[in-house]
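Step one of this worksheet: look at the structure below.
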């Protein structure tokens, strides 16, 4: 088997979004562990606030480097409304994730949080009319089973 040597070779092996999702998964795994360490001696609320300030700075720098200024003109009211709703749900997720992380084990908190994939699957099926296959249904049941096994004391 030949090792891929450039981006086009990798793209032929795996769709780009899958690669991005895997990279996200690795960063998310690190996030839980380093966040737990960062919360030692401070409140979950202060830790989340400091983290969010850094996230804001990094995302703004990323946007300056990656977003074409002409793209801003394409923003419409509906984009802003849906992204604002997403921001509210993200903030809610982060607030309770940090509270749980402060009190619980990283592995258990992270796994329960990843149960959000089941919520996302159901909402995508219901609201976006995405297809829910038997494979996805079985996978969702396995995620739920894993959460129950790990969360049980």
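Some notes on this structure:
- Global geometry of region 7-114, whether rounded, prolate or oblate, following the gyration tensor of its Cα atoms and the 1.5 cut on a/c: oblate
- Highest-MSF residue in the chain out of 53, 64, 39 [GNM, Cα springs under 10 Å]: 64
- With contributions of -39500 (n - 2.57) from each DSSP H run of at least four residues, the per-residue ellipticity at 222 nm computed over the chain stands at -26000 deg cm²/dmol.
- With the cut-off at under 20 Å, measuring from each backbone N in region 38-68 to a point 7 Å along the Cα-to-Cβ line of residue 19 picks out 66-67.
Each value in this text was obtained by applying a stated rule to the coordinates, not by laboratory testing. As the structure is a prediction and not an experimental result, all values here were calculated from the model. Every residue, glycine as well, gets a Cβ built from its backbone with ideal geometry; the counts of neighbours run over all protein chains shown.
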